[in-house]
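The structure appears below as structure tokens.
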Amino acid sequence: MSDFIKPSIHAFLVCDTIIIDSLTGKKSIIGAFTHLWAKTFPCQHPQVGVYFSLTDAEGQYAFDIQLIYLDKDQLVGKGSLPPIEIHNRLATHDFGVNIPYLVFPGPGKYEFRLYANGNFITQKDFQVIQQEPKPKPEESS
């Protein structure tokens, strides 16, 4: 059994969705964000996409992504990619995973964590913010 080679991450982005072209394999990152707004909690988001690009990897990798509500240290979502064999440490590889039906229990800081073969690789945080209700227009008498 060989030692784990930790990949170097070039990009780690959070968005509304990742679209993968079936002919070219190119990834389209739709609706990249660092903040989400919600009127009420818990708040359900129909889908969140996570994109990452890496190099300096060799061997078989199983990538897992976890979403943690940092304010409560609570796991609120996860996703996985099928195992992949990487042969060339100099090559760059990019991946996209869509995680459906995430529920955000409250406002605060959240973090996606990327693991390869159970080893922590990197993280990306973002805020979920309580949207203030709009003031009602004053009624005229």
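The values are calculated or read from the model by the stated rules, or taken from the named source; none is laboratory data. These numbers come from a predicted model, not from an experiment. Positions of Cβ are backbone-derived with ideal geometry, glycine not excepted, and every protein chain shown enters the neighbour counts.
Listed conditions (1) surrounded by 15 or more Cβ atoms within 10 Å (Cβ to Cβ); (2) under 14 Å from the mean Cα position of the chain (by Cα); (3) farther than 17 Å from W37 by Cα are all met by L102, apart from (3). State all residues of region 7-34 that are assigned to a strand (DSSP E or B) and polar (S, T, N, Q); if no residue qualifies, say none. Within region 7-34, S8, T17, S28 meet the criteria.
Would you call L13 under 20 Å from G96 (Cβ atoms), in contact with a Phe, Trp or Tyr (Cβ under 8 Å, 6 or more places away or on another chain) and modelled with pLDDT of 95 or more?
Working: under 20 Å from G96 (Cβ atoms): yes; in contact with a Phe, Trp or Tyr (Cβ under 8 Å, 6 or more places away or on another chain): yes; modelled with pLDDT of 95 or more: yes.
Taking the combined requirement at face value, the residue satisfies it.
Of all residues being among the polar types (S, T, N, Q) and within 26 Å of Y101 (Cβ to Cβ) in region 54-81, which is modelled with the lowest pLDDT? Just the residue, please.
Going through region 54-81, the residues among the polar types (S, T, N, Q) turn out to be 55, 60, 66, 74, 80.
Next, only the ones that are within 26 Å of Y101 (Cβ to Cβ) stay: 66, 74, 80.
Details: Q66: 96, Q74: 97, S80: 90.
Restricting to residues being among the polar types (S, T, N, Q) and within 26 Å of Y101 (Cβ to Cβ), the top hit is S80.
For region 27-41, a residue qualifies if it is surrounded by 10 or more Cβ atoms within 10 Å (Cβ to Cβ) and within 19 Å of the chain's Cα centre (by Cα), and the qualifying residues are K27, S28, I29, I30, G31, A32, F33, T34, L36, W37, A38. Count, please, the residues in region 42-83 that happen to be more than 16 Å from the chain's Cα centre (by Cα) and surrounded by 14 or more Cβ atoms within 10 Å (Cβ to Cβ). Of the residues in region 42-83, 7 are more than 16 Å from the chain's Cα centre (by Cα) and surrounded by 14 or more Cβ atoms within 10 Å (Cβ to Cβ). For F4, are the conditions met, namely being among the aromatic types (F, W, Y), assigned to a loop (DSSP other than H, G, I, E, B) and at pLDDT below 95? Here the answer is yes, as F4 does meet what is asked. A residue that is assigned to a loop (DSSP other than H, G, I, E, B), out of contact with any Leu (no Cβ under 6 Å at 6 or more places or on another chain) and more than 19 Å from E111 (Cβ to Cβ) occurs somewhere in region 35-49.
Applying a threshold of 7 Å to beta carbon distances and a minimum spacing of six or more residues, or different chains, the list of pairs starting in region 41-64 at a residue that is over 21 Å from N117 (Cα atoms) and ending at one that is of a type in the set (S, T, N, Q) and in a loop (DSSP other than H, G, I, E, B) is empty.
Filtering L90, L114 for residues that are touching a residue at least 24 places away in the same chain (Cβ under 8 Å), exposed (fewer than 12 other Cβ atoms within 10 Å of the Cβ) and among the hydrophobic types (A, V, I, L, M, F, W, C) leaves a single hit, L90.
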